[in-house]
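Visitor: First the structure, which I've put down as structure tokens, then a few questions once you've had a look.
The values are calculated or read from the model by the stated rules, or taken from the named source; none is laboratory data. Remember, predicted model here, so these are calculated numbers, not experimental data. Ideal geometry is used to build each Cβ from the backbone, glycine not excepted, and the neighbour counts take in all protein chains shown. These area figures cover heavy atoms from the full protein model, side chains too; ligands, DNA and RNA do not enter into them. Shrake-Rupley method; radii C 1.70, N 1.55, O 1.52, S 1.80 Å.
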Amino acid sequence: MAAGGAEERRRQQQQRRQRPGRLSALSVYRRAAGAGRLERRRRGRPLPAGGKWAEARPRRGGPGSGGPEPEAPAPRSAAAAPGGVERAEARPRRGPEPEAPPRQPPPRAAAPPGRGERERAGEPAGSPEAKRRGGPEAAGGGGGAAGLLRRLGRLEDSRQRAAELFRWLVAPVAPGEFLGRYWERAPLLVRRGDPGYYAGLFSTADFEAALRGGEVHFGTHLDVTSYAEGVRETHNPSGRALPAVVWDFYQNGCSLRLLSPQAFSRTVWQFLSILQEHFGSMAGANTYLTPPGTQGFAPHYDDIEAFVLQLEGKKHWRVYSPRTDAEVLPQFSSANLAQAELGEPVLETVLEAGDLLYFPRGFIHQGDCLPDAHSLHITVSSYQRNSWGALLEKLLPAALQMALEEDVEYRQGLPMDYLRYMGVANSDAVDARRTAFMEKVQSLIKKLVDYAPIDAAVDQRAKSFLHDCLPPVLTQSEKVQSVYGFPARWQDGGPCDVDIQITKDTEVRLLRHGIIRLCNEEAGVMLYYTTENSRVYHKEEPKFLEIDPEYTDSIEFLLSSYPNHVRVETLPCETLEDKISLATLLFEKGILTTKKPLVQV
């Protein structure tokens with residue numbers, strides 16, 4: 001009956017498309033927008049030329065996006081059967097190798113999807129071995145994503161919550177194995193054979209509810225896309241994304257990308273807010289709804305670590321190794337690529353509901369929807385520009401500034417004639433002056449380490465991360481023990497239960513371990529925090545309190561004591577008044593919770 005219903009819907013959609021005189025939202029958009037509004041990219045950037053002049057040329061920033069780029073479906077080759085041709089696991093990269101990973105041999109035939117085997121070992125997800133290693137049954141305990149989040153809410157330590165959520169995300173692969181074999185090295189496919197594994201995380205019903213809420217706007221929150229015959233198009237009208245218009249685009253073969261679903265779904269918000277503490281880096285997401293038999297995005301690679309969670313339906317995926325050393329762990333996402341640029345995939349499969357596909361930044365990918373089912377998936381992303389190089393971008397300028405202030409050698413003048421023997425035009429010359437110049441520069445660079453304020457640079461990275469963070473989602477018990485559940489209200493003609501009565505005996509602790517960061521800056525000691533952040537990325541300015549330096553020991557004491565509660569009188573401030581004042585301030589900002597509600601209602 002279900003299959004017949006799907007066939008009937010396809011027949012009706014075809015009749016609507018062929019109905020004379022009918023203008024779909026897609027055709028109206030194309031008439032109004034014209035070719036200038038369409039995003040058409042047939043080829044990516046050319047590979048860089050060799051030679052010393054190419055090396056000396058300053059590099060421009062790539063066409064990266066300010067967030068995770070979606071997976072990019074492309075036309076399936078004739079060899080790709082509807083059931084999907086699955087590859088063996090991509091060969092892991094052993095650390096930062098100087099060359100790109102070797103190409104894999106041609107794909108071998110594999111069992112059809114749906115048996116719940118793991119791609120890397122052919123191991124059933126429900127087997128005793130999978131359970132021993134921490135499989136879905138062991139990690140999730142049933143109830144899908146929503147049930148898992150409820151169970152995590154009962155854990156006292158936010159770090160443990162984050163670790164358990166990550167364990168569930170990659171199960172049955174153990175987290176240590178994932179980090180050692182796949183993270184930043186190779187793609188991983190986990191086939192679970194459990195359509196309800198992600199139940200409650202996000203669904204087409206949630207997509208519909210977001211549209212019905214009236215706050216979704218084209219371009220800002222929703223992209224309408226298509227990819228056919230090598231042409232990638234974006235069809236965003238202006239204004240609010242009304243259901244009638246959105247679903248008309250969809251039934252005419254357009255894919256729908258909902259940007260930042262955490263702004264519309266409390267469950268996705270909670271999921272990401274926990275996971276970001278594990279990564280120590282912003283965790284973001286987009287959702288993608290694709291009609292049967294279509295594709296919405298061109299092949300490309302991203303500047304993020306991508307976890308593709310198949311929520312509904314199924315999708316055919318191909319993943320390719322980086323083509324050059326420069327594309328390994330890139331700083332920016334690529335432009336759209338042509339099929340001829342890709343070579344052979346290192347992994348090819350069909351994801352079904354409950355499955356996971358991970359691939360590192362720099363791995364080219366494309367996905368297309370099979371003719372017999374729609375696809376809904378969410379891509380969870382992290383580690384955008386969270387590299388050693390990104391840290392050094394903060395550290396080296398600060399180190400140089402300190403060296404210039406403290407060491408006269410950095411302020412001494414350059415040789416008067418250095419322009420005659422230095423520069424690219426003189427790079428092949430044999431000259432003792434060139435040798436001495438190079439040795440001098442190397443010496444100054446080596447000595448620069450002595451002036452590097454490493455901890456201060458890390459604090460600045462942490463400050464940026466806290467600005468990126470989602471605010472925490474409170475459990476019911478956390479709410480009643482925090483300022484967010486404090487019963488101040490208007491009653492009987494006036495305010496009631498307004499006073500926050502914190503005493504020396506009040507037991508307090510941080511709401512989460514990762515919600516604060518102390519930074520020693522020129523203007524003073526700042527305490528940055530996340531509790532007043534927005535669910536919309538950078539909608540708010542960074543939130544901070546300027547605190548007296550004598551309070552820093554108390555902040556560090558609260559961090560080291562977490563997740564235990566401590567009595568206010570044990571805070572290492574000079575006076576009891578200071579202890580109560582600090583605890584009250586942090587409570588009012590949602591940073592501290594109490595062991596018991598301050599007011600019993």
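Visitor: Kirkwood hydrodynamic radius (Cα pairs, Å) of the range 144-382?
Guide: Here the Kirkwood hydrodynamic radius works out to 18.4 Å.
Visitor: At 1.4 Å probe size, put Met282, Met422 in order of accessible surface, largest to smallest.
Guide: The ordering from most to least exposed comes out as Met282, Met422.
Visitor: Let me ask you something else. Based on the Kirkwood radius over alpha-carbon pairs, what is the Stokes-Einstein translational diffusion coefficient of the range 458-594 at 4 °C with 1.567 mPa s viscosity, in µm²/s?
Guide: 82 µm²/s
Visitor: If R0 is 41 Å, what FRET efficiency do you get for Glu229 and Glu521 from their C-beta distance, rounded to 0.05?
Guide: It comes to 0.15.
Visitor: Once the piece of chain linking Glu341 and Thr475 is laid out straight, how much longer is it, given 0.36 nm per residue of separation minus the C-alpha distance between them?
Guide: Contour length minus Cα-Cα distance gives 43.3 nm.
Visitor: Which residue, His377, Thr324, Val408, has the largest displacement toward the positive end of the dipole of the range 305-420 when charges sit on each Cβ (Lys, Arg +1; Asp, Glu -1)?
Guide: His377
Visitor: Quick one: accessible area per residue over the range 144-382, 1.4 Å probe, rounded to a whole number of Å²?
Guide: 27 Å²
Visitor: Ok, one more. May I ask you to evaluate 6.51 cos²θ - 1.76 cosθ + 1.60, the Karplus curve with θ = phi - 60°, for each residue of the range 206-213 and list the ³J(HN,Hα) values in order in whole Hz, giving x for glycine and proline?
Guide: 5, 4, 4, 4, 4, 5, 5, x
Visitor: Say R0 is 30 Å: what FRET efficiency, to the nearest 0.05, do Trp247 and Glu541 get from their beta-carbon distance?
Guide: E between Trp247 and Glu541, to the nearest 0.05, is 0.20.
Visitor: While we're on this one: For Asp455 and Glu556 in the same chain, what is the full-extension length gain: residue separation times 0.36 nm, less their Cα-Cα distance, in nm?
Guide: Net length gain for the segment: 34.8 nm.
Visitor: On to the next question. May I ask for the distance between the Cα centers of the range 230-272 and the range 422-450, given as a whole number of Å?
Guide: 54 Å
Visitor: Can you give me the orientation-averaged projected area of the convex hull built on the Cα atoms of the range 159-198, in nm²?
Guide: So the mean shadow area of the Cα hull is 3.3 nm².
Visitor: Ignoring ligands, DNA and RNA, what percent of the accessible area of the range 458-594 is carbon or sulfur (1.4 Å)?
Guide: 47 percent
Visitor: Whole-Hz Karplus ³J(HN,Hα) for the range 214-223, in order, using 6.51 cos²θ - 1.76 cosθ + 1.60 and θ = phi - 60°, x for Gly and Pro?
Guide: x, 9, 8, 10, 4, x, 6, 10, 9, 10
Visitor: So how much slack lies between Glu208 and Ser387, counting 0.36 nm per residue of separation and subtracting their Cα-Cα distance, in nm?
Guide: Answer, rounded to one decimal: 60.7 nm.
Visitor: Further, regarding this structure: Express the relative contact order of the range 212-300 as a whole percentage, based on alpha carbon pairs under 8 Å and six or more residues apart in sequence.
Guide: It rounds to 34 percent for the range 212-300.
Visitor: Then there's this: Provide the solvent-accessible area of Ile445, counting protein heavy atoms only and rolling a 1.4 Å probe, rounded to the nearest 10 Å².
Guide: Result for Ile445: roughly 100 Å² accessible.
Visitor: Oh, and also: What does the accessible area of Asp553 come to, in Å² to the nearest 10, when a probe of 1.4 Å is used?
Guide: Rounded to the nearest 10, that gives 90 Å².
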